[in-house]
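Trainee: Attaching a single structure in structure tokens format; questions to follow.
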Amino acid sequence: MGFIEKKTLKFVVCLFWSVFFYTSHAQTNIYDIIFKKDTIGILKVSKNIIDNKISFNYHLDVQVKLLVNIHLKYDLKAVYNQEQLIYANVDNTVNDKQHHSSDIQWKDPYYLINSKNKKYHKIEDKITYSGVKLFFEEPSTVKKVFSEHSAQYGELARIGENYYELTLHNGKKNQYLYKKGILVKANINNSFIQFQLLLRD
């Protein structure tokens, strides 16, 4: 075997072992956004697992006419390490103007939270379940859910089989229905309109 063949074989073996030990898994869910029986937009949520880190991406795009035409975009990114939230960023625009922005960073032993037009503040309790997880992990044993948007907790209660209600810090309530651990339907009441999410087949 020549030098080139040996070098090629060594590269293939190294590549094989690097792939074997580098575990990755990706999942994407797409939801139709329903308002008064009309589809007014889509929500795309993805989950990517690489070794001990889990990253979530959430993109909502809605166009609806109320008294005026409204184009709402909402983007969220969250990163977990060994089941603990270590970073989250939210960017929300209405008619292409920034409506809300915030970011959360784990600084050990606290989170540093920065929200638009608000002073930095801290949270010391470790966050293990935030809102974006609701799309991929049925909260069968979860009692409270952290909002990446408001940086506050909501109370979660089971109200039926695979059916849950989240009471937000402002008193508004959302409902979530699951099938095989995945969110298939939700009633969202904490936005400027009340709408429904339906998972696409």
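Trainee: Can we say Phe56 is under 24 Å from Lys180 (Cβ atoms), surrounded by 12 or more Cβ atoms within 10 Å (Cβ to Cβ) and either at pLDDT below 95 or among the hydrophobic types (A, V, I, L, M, F, W, C) (or both)? It would help to see each step written out before you state the result.
Mentor: Values: under 24 Å from Lys180 (Cβ atoms): yes; surrounded by 12 or more Cβ atoms within 10 Å (Cβ to Cβ): yes; either at pLDDT below 95 or among the hydrophobic types (A, V, I, L, M, F, W, C) (or both): yes.
Yes.
Trainee: Is there a residue being modelled with pLDDT of 95 or more, touching a His at 6+ places or on another chain (Cβ under 6 Å), open to solvent by 50 Å² or more (accessible area, probe 1.4 Å) and not hydrophobic (A, V, I, L, M, F, W, C) anywhere in the stretch 22-43?
Mentor: There is no residue in the stretch 22-43 that is modelled with pLDDT of 95 or more, touching a His at 6+ places or on another chain (Cβ under 6 Å), open to solvent by 50 Å² or more (accessible area, probe 1.4 Å) and not hydrophobic (A, V, I, L, M, F, W, C).
Trainee: Counting only residues that are open to solvent by 40 Å² or more (accessible area, probe 1.4 Å), give me the strands (runs of 3 or more DSSP E) lying completely in the stretch 77-174 with at least 2 of them. So that I can check it myself, show each step before the final result.
Mentor: Values: elements: 84-94, 97-106, 111-115, 121-123, 144-146, 153-160, 163-167.
Answer list for the stretch 77-174: 84-94, 97-106, 111-115, 121-123, 153-160, 163-167.
Trainee: Pairs, please: C-beta under 6 Å, at least 6 apart or cross-chain, first residue touching a residue at least 60 places away in the same chain (Cβ under 8 Å) and in the stretch 25-47, second surrounded by 17 or more Cβ atoms within 10 Å (Cβ to Cβ) and of a type in the set (Ser, Thr, Tyr)?
Mentor: Leu43/Tyr31; Val45/Tyr58
Trainee: Of all the residues that make up the stretch 116-172, how many are over 15 Å from the mean Cα position of the chain (by Cα) and among the β-branched types (Val, Ile, Thr)?
Mentor: The number of residues fulfilling the criteria is 5.
The values are calculated or read from the model by the stated rules, or taken from the named source; none is laboratory data. Because the structure is a prediction, the values reported are computed rather than measured. Heads up, the Cβs are rebuilt from the backbone with ideal geometry, glycines too, and the neighbour counts pull from every protein chain shown. Areas reflect the complete protein model, heavy atoms only, side chains present, ligands, DNA and RNA absent. Shrake-Rupley method; radii C 1.70, N 1.55, O 1.52, S 1.80 Å.
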